[in-house]
C-alpha cells in the first residue's frame with residue numbers, strides 16, 4: 001500500500017459526499033457495537049438539549065450521512081480552542097477524528113508539515129469543493145499586509161480566503177475568530193480582525209468563548225453532521241441552543257443574588273458559603289453562554305462554582321469593558337425568560353420581532369429541562 | 001562558511017529546504033535549512049511567523065487583570081502565564097499569599113506540566129518516531145507480549161485489546177480518508193520501530209487522548225475551567241470549606257477526593273505508560289543521537305515550585321534554578337532576573353527596531369517597535385517569501401541572551417542544571433534511566449535526551465503534586481482554611497510606583513514577566529518566554545539560538561521529507577504564540593506601535 005504524499009487518493013476524482021461511506025458504516029467497521037452507537041446517539045441528544053425521542057432520528061441520520069471533511073486553520077490565537085476541543089467527553093475527541101469527521105488539515109495535529117501539509121490542504125479543497133467545513137481558530141491580522149501571521153511564506157488571510165472560497169460553511173471557533181479576542185483588544189496593534197469581516201459570502205457559525213466549552217464545540221459539529229443543516233443562530237450568529245441565555249439566568253448561585261447575599265471580599269465567610277459573586281465583578285449577568293448549565297470538563301465545575309466571577313469571555317470586546325473586578329453597573333432585571341435576541345432587541349427598541357425566536361427558545365428550554373431531569377433520574 | 005561565536009560552522013552553499021508551516025506545534029513557525037550533498041544540515045534558520053502585541057495591549061490596564069490577558073498568550077501551557085503574572089504583581093506590591101494558595105498554585109502548575117508533557121509526547125511528538133500505518137502489520141499477540149515486557153503493571157495489555165485497536169486503525173486507513181495522517185512520511189526509512197512497537201504506541205496515542213481530559217480537572221476544580229482557569233492576585237479564588245454551611249459550593253471533601261484520584265491517575269500513567277514508552281521507543285532509536293544543540297554548553301532555568309509561600313530562594317524550589325555556560329557543568333551560576341546585565345534581548349535579526357543597532361535591553365527597559373523588512377538576498381516578495389535572508393531580519397521572535405549567551409531552556413535544561421547541582425531526585429532519575437538503557441551521560445545532550453527529560457519530569461511532577469495535596473490537607477486539618485490575602489486588594493493601598501518580576505518554569509522552560517506599575521495601572525509589561533529563548537534568531541554577535549543549533553549536522557534521510565527536522569524541533573515543544581507576543585513600551589518615544 002502506498003500512502004505517501006497523497007498518492008493514495010481518498011476517492012475517485014469528482015466523487016460526492018453521498019458516495020462516501022456513512023458515519024455509521026465507519027463506526028461499525030471500526031469495531032464499535034450497535035449498542036455503543038446508540039449510547040453515543042443518546043449522549044449526542046443530551047448534549048444538544050434534545051429529548052430522548054430524538055435519539056432514533058439521530059441514529060437514522062448517522063446511518064445515512066457520510067464523514068464530512070474538515071479543514072481547520074489557525075490565525076492569531078493561543079490554541080486554547082484546539083485544547084478545549086480535545087477535552088470533549090461526549091463524543092470523545094478520538095471518536096470525532098477517527099469516526100465522525102475527516103480532519104484533513106489541522107496544523108496543530110497533522111502528521112505532515114511544509115509542502116506536504118499544503119498539498120493536503122489543496123487536495124481537500126479540490127476534491128470536496130462545496131462539501132467541506134472550514135473551522136477557523138484565531139483571526140487574520142490585516143496590518144503590515146497581513147504579515148503579522150505568516151503561513152507558507154504568505155499572509156494567513158490569504159490561506160483563510162482560499163480555504164473559505166469553496167467551503168460549505170465556516171465555523172468561527174472561540175472569541176478570536178468570532179470577535180477578535182485579546183490581540184484585538186485596544187489598541188489592536190496588528191489590526192486583528194474577526195473572520196466574518198473578511199469572509200462575507202459564506203454562512204458563518206460563531207462559537208465564542210475563550211475557549212468555548214468542549215462539548216459545545218463537538219455539539220455544534222455533531223448537530224451539523226446529524227441534521228445536515230446549520231444550527232439556529234441568533235442575531236450575532238451564535239447557535240441559539242448554547243448561547244441564548246445568560247450565565248446569570250441559570251446560575252446555581254442565583255438564589256443568593258435574589259436574596260441579596262453577596263461575597264464582599266475574597267475568601268470571606270460569604271465566599272465560603274457560596275454566595276453570589278456579583279459584587280466581585282462577576283459578568284454572569286451580561287454574558288450569554290452555557291457555562292452554568294453544561295459546565296466545564298465533563299460538568300466538573302465552572303468559574304463561579306470555583307469561586308471566581310465570570311469574566312465574560314464569550315462576549316464581544318470583553319477585554320475592553322473595564323476591570324474584571326468592576327461591578328456590572330448596567331444590570332437590568334430581565335426575567336429568566338429573556339434571551340440574547342430579546343435583550344438586544346429591547347435595547348434597540350424593536351420589541352415584538354423576537355416572538356418566534358422566543359417561542360423556539362422556550363421549547364428548547366423545555367427540552368433542556370426534560371433532559372436535565374432525565375439526567376438527574378439516571 | 002563561517003563559525004559562530006558559540007561554535008557552530010554555518011555553510012549556506014548547499015540546497016535550501018523550506019518547511020512552512022512547521023506543524024504539530026503551538027502557533028506559527030517556519031524553518032529553513034541548507035543541506036550538503038550527503039543530506040547533512042549545514043545551516044539552520046528558525047523563524048517565528050506570528051506577532052500579536054499583547055504587552056502593548058496591557059499598558060494602562062489594571063494589574064489585577066493582567067493574569068487573564070497573559071494567560072491568553074498560550075492555551076496549551078494554559079495557566080503558567082497567569083501564575084507568572086500574579087507573581088509579578090505580588091512581587092511589585094509586596095503581597096504575600098497564604099500557605100494553602102501556594103499548595104493549590106503548585107498543584108495547578110504541576111498538573112499543567114504533566115498534562116502538557118503527556119499531550120506533547122503522544123499528540124505532537126510521537127508521529128516523528130511512531131508510524132501508525134506500520135502498526136497495521138503488527139501481531140496483536142506479540143504486541144501484548146511487548147506491552148507486558150515493557151510495563152508489567154499496565155492493565156490494558158491483552159491481545160484482544162490490541163487487535164481491536166488495530167482493527168479500528170485498519171478500517172480508518174482503508175477508508176481512504178486518512179485525516180490527520182494524510183501525506184505523512186510513512187515510507188520514510190527514518191522510521192525504525194517494529195510494527196508491534198508502532199501498534200503499542202499508537203494505542204497509547206488514543207489512551208493518552210482519553211486521559212488528558214481527566215488530568216485537567218484539577219484546574220477545573222480550583223480554577224473553574226480548563227483551558228484558561230481563573231487565578232487571583234493575593235492567592236487563589238476558590239475558598240475552602242470542608243464542613244460548614246455552604247461547603248457544597250467550595251473546596252470540600254468531594255472536591256479533594258476528586259483531585260486526589262486524578263493525582264493517582266497521573267502517577268499511574270507516568271509509571272505504566274509514558275516512561276516505559278519513552279524507554280521502549282528510545283531503545284530503537286538509540287543510535288540517532290542528533291539534536292544536542294546548546295544543551296551541553298548553555299542551559300538556563302529560573303526554578304519553580306516553592307515549598308513555602310513567598311520564598312523563591314533557589315534552595316526552596318523543587319524545580320532547580322541556575323545557569324550553565326561554556327559547557328562547564330562543574331559550575332552552576334546564580335540567576336537574578338533583576339540584574340540589568342543578565343537577561344537582555346536583541347533585535348538585530350528580529351522584525352523590530354530599537355532605533356539603533358547592536359543594543360541589548362533588559363526587560364524592564366524593553367522597547368518594541370515592529371519593523372517588518374526583508375534582507376536583500378530574500379527570494380520572493382514581501383507577501384510571498386520563498387527563501388529568507390538570515391543575514392538580515394528574519395523572525396518575529398526577539399533574541400534573548402543571558403550575559404550574552406544563547407541559552408537552551410526547558411525540561412532538558414532544567415535536568416542538566418539539576419543534575420549539575422546534585423539535585424537528588426533528578427540525579428536518581430537520570431542515572432536510573434541511563435543505567436536501564438545502557439547509555440552514557442553524554443547521550444542526554446540530544447533530541448531524545450530532551451524527550452526523555454520531559455518524561456522524567458512528568459514523573460517527578462506527579463510525585464510533587466501528591467506532596468502538595470498532602471500538604472494542603474494537613475494544613476486544613478491544622479485549622480487553616482485561608483486561600484487569599486486581600487490586605488492590598490484595593491489599589492488605594494498601593495505605592496504610587498512599583499516594579500516586580502514573576503518567574504516560573506513553564507512546561508517549555510524558563511518564563512519571566514516583568515511589570516512596572518504607576519498610579520494603579522500597568523506602565524510597562526514585558527514577557528520573556530521559553531520559546532523566545534529556544535527559537536531565537538541570531539543575535540548581534542552572530543550566536544545562533546537553540547532550535548538552530550540543534551538542527552546542525554543532522555543527516556536527513558530524504559531532504560524533501562522533513563522528518564528529522566520535525567523530530568528535533570518538536571523535542572523542544574515549540575510554542576510560537578508565547579514567543580512572539582512580545583514587547584512592550586516603556587513610555588518613551590521609541591515605543592509607539594505603528595498602526596497603519
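Looking at residue A:53 and the list (1) assigned to a loop (DSSP other than H, G, I, E, B); (2) modelled with pLDDT under 90; (3) surrounded by fewer than 21 Cβ atoms within 10 Å (Cβ to Cβ), which single condition is not satisfied?
Among (1) assigned to a loop (DSSP other than H, G, I, E, B); (2) modelled with pLDDT under 90; (3) surrounded by fewer than 21 Cβ atoms within 10 Å (Cβ to Cβ), the lone unmet condition for residue A:53 is (1).
Working only within the range B:245-269, note down all residues that are touching a helix residue (DSSP H, G or I) at 6+ places or on another chain (Cβ under 7 Å) and more than 19 Å from residue B:219 (Cα to Cα).
Hit for the range B:245-269 is B:246, nothing else.
Please verify whether the range B:301-308 includes one or more residues that are outside the structural domain of residue B:146 (by TED's automatic domain parsing), in a loop (DSSP other than H, G, I, E, B) and surrounded by fewer than 23 Cβ atoms within 10 Å (Cβ to Cβ). Reasoning before the result, please.
Start the filter on the range B:301-308 by keeping residues that are outside the structural domain of residue B:146 (by TED's automatic domain parsing), which leaves B:301-308.
Add one more test, that the residue is in a loop (DSSP other than H, G, I, E, B), and what stays is B:302-303, B:307-308.
From what is left, the residues that are surrounded by fewer than 23 Cβ atoms within 10 Å (Cβ to Cβ) are B:307-308.
Within the range B:301-308, one or more residues are outside the structural domain of residue B:146 (by TED's automatic domain parsing), in a loop (DSSP other than H, G, I, E, B) and surrounded by fewer than 23 Cβ atoms within 10 Å (Cβ to Cβ).
Matching residues to (1) surrounded by 24 or more Cβ atoms within 10 Å (Cβ to Cβ); (2) at pLDDT 90 or above; (3) touching a strand residue (DSSP E or B) at 6+ places or on another chain (Cβ under 7 Å):
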position	(1), (2), (3)
B:518	no, yes, yes
B:539	yes, yes, yes
B:550	yes, yes, no
B:555	no, yes, yes
B:559	no, yes, yes
B:575	yes, yes, yes
B:585	no, no, yes
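Having 2 or more residues that are within 27 Å of the chain's Cα centre (by Cα) and more than 10 Å from chain A (Cβ to nearest Cβ) is the bar; report the helices (runs of 4 or more DSSP H) wholly within the range B:158-269 that clear it.
B:195-215, B:253-269
Residue A:166 passes all but one of (1) under 29 Å from residue A:115 (Cβ atoms); (2) within 14 Å of chain B (Cβ to nearest Cβ); (3) surrounded by fewer than 24 Cβ atoms within 10 Å (Cβ to Cβ); which number fails?
Every condition holds for residue A:166 apart from (2).
Do any helices (runs of 4 or more DSSP H) entirely within the range B:389-500 hold 1 or more residues that are at pLDDT 95 or above and surrounded by fewer than 15 Cβ atoms within 10 Å (Cβ to Cβ), and if so, which?
Details: elements: B:411-421, B:424-437, B:447-477.
Hits in the range B:389-500: B:424-437, B:447-477.
So which residues in the range A:87-106 are within 8 Å of chain B (Cβ to nearest Cβ), surrounded by fewer than 24 Cβ atoms within 10 Å (Cβ to Cβ) and in a loop (DSSP other than H, G, I, E, B), if there are any at all?
A:89, A:92
Run down B:293, B:327 and say which single residue is in contact with a helix residue (DSSP H, G or I) (Cβ under 9 Å, 6 or more places away or on another chain), part of a loop (DSSP other than H, G, I, E, B), farther than 30 Å from residue B:220 by Cα and modelled with pLDDT of 95 or more.
Numbers: B:327 fails: in contact with a helix residue (DSSP H, G or I) (Cβ under 9 Å, 6 or more places away or on another chain).
Just one listed residue meets the conditions, B:293.
Is it true that some residue in the range A:181-189 is under 23 Å from residue A:87 (Cα atoms), in contact (Cβ under 8 Å) with a residue 60 or more places away in the chain, within 14 Å of another protein chain (Cβ to nearest Cβ) and crowded, with 23+ Cβ neighbours inside 10 Å?
Residues of the range A:181-189 that are under 23 Å from residue A:87 (Cα atoms), as a first pass: A:181-182.
Filter once more, so that each one left must be in contact (Cβ under 8 Å) with a residue 60 or more places away in the chain: A:181-182.
Filter again for within 14 Å of another protein chain (Cβ to nearest Cβ), leaving A:181-182.
Those left that are additionally crowded, with 23+ Cβ neighbours inside 10 Å: A:181-182.
Yes, the range A:181-189 contains a residue that is under 23 Å from residue A:87 (Cα atoms), in contact (Cβ under 8 Å) with a residue 60 or more places away in the chain, within 14 Å of another protein chain (Cβ to nearest Cβ) and crowded, with 23+ Cβ neighbours inside 10 Å.
Evaluate the following for residue B:481: is it touching a strand residue (DSSP E or B) at 6+ places or on another chain (Cβ under 8 Å) and not assigned by TED's automatic domain parsing to the domain that holds residue B:84?
On the way: touching a strand residue (DSSP E or B) at 6+ places or on another chain (Cβ under 8 Å): yes; not assigned by TED's automatic domain parsing to the domain that holds residue B:84: yes.
For residue B:481, the condition - touching a strand residue (DSSP E or B) at 6+ places or on another chain (Cβ under 8 Å) and not assigned by TED's automatic domain parsing to the domain that holds residue B:84 - is met.
Residue A:255 versus (1) away from chain B (no Cβ under 13 Å); (2) surrounded by fewer than 19 Cβ atoms within 10 Å (Cβ to Cβ); (3) in a helix (DSSP H, G or I): which is the lone unmet condition?
For residue A:255, the exception is condition (1).
Is at least one residue of the range A:299-307 surrounded by fewer than 19 Cβ atoms within 10 Å (Cβ to Cβ) and either facing chain B (nearest Cβ under 9 Å) or at pLDDT 55 or above (or both)?
The first filter runs over the range A:299-307 and keeps only residues surrounded by fewer than 19 Cβ atoms within 10 Å (Cβ to Cβ), leaving A:299.
Retained after the next criterion (residues that are either facing chain B (nearest Cβ under 9 Å) or at pLDDT 55 or above (or both)): A:299.
Looking through the range A:299-307, at least one residue is surrounded by fewer than 19 Cβ atoms within 10 Å (Cβ to Cβ) and either facing chain B (nearest Cβ under 9 Å) or at pLDDT 55 or above (or both).
Exactly one condition in (1) within 11 Å of chain A (Cβ to nearest Cβ); (2) surrounded by fewer than 17 Cβ atoms within 10 Å (Cβ to Cβ); (3) part of a helix (DSSP H, G or I) is not met by residue B:315; state its number.
(1)
Pairs please, first residue from the range B:2-31 and modelled with pLDDT under 95, second anywhere and surrounded by fewer than 18 Cβ atoms within 10 Å (Cβ to Cβ), Cβ atoms under 9 Å, 6+ apart in sequence or on different chains.
Pairs found: B:2/B:9; B:2/B:11; B:2/B:542.
Applying the selection to the range A:258-306, what residues are within 29 Å of residue B:212 (Cα to Cα) and in a strand (DSSP E or B)?
Correct list: A:288, A:296, A:301.
Go through the range B:19-113 and tell me which helices (runs of 4 or more DSSP H), entirely inside it, have 1 or more residues that are under 18 Å from the mean Cα position of the chain (by Cα), more than 11 Å from chain A (Cβ to nearest Cβ) and buried (at least 24 other Cβ atoms within 10 Å of the Cβ). Walk me through it before giving the result.
On the way: elements: B:54-58, B:66-71, B:80-93.
Here the list reads B:80-93.
Determine, yes or no, whether residue B:566 is within 14 Å of chain A (Cβ to nearest Cβ) and not in a loop (DSSP other than H, G, I, E, B). Before you say what the answer is, go through the steps one by one.
Values: within 14 Å of chain A (Cβ to nearest Cβ): yes; not in a loop (DSSP other than H, G, I, E, B): yes.
Considered against the rule, which asks whether it is within 14 Å of chain A (Cβ to nearest Cβ) and not in a loop (DSSP other than H, G, I, E, B), residue B:566 comes out as yes.
From the set of residues in the range A:108-150 that are in contact with a helix residue (DSSP H, G or I) (Cβ under 8 Å, 6 or more places away or on another chain) and at positive phi, which is farthest from the other protein chains (Cβ to nearest Cβ)?
Only one residue fits best here, namely A:138.
The values are calculated or read from the model by the stated rules, or taken from the named source; none is laboratory data. Here the structure is a predicted model, which is why all the values come from computation and not from measurement. With ideal geometry, Cβ positions are generated from the backbone for all residues, glycine too; neighbour counts draw on all protein chains shown.
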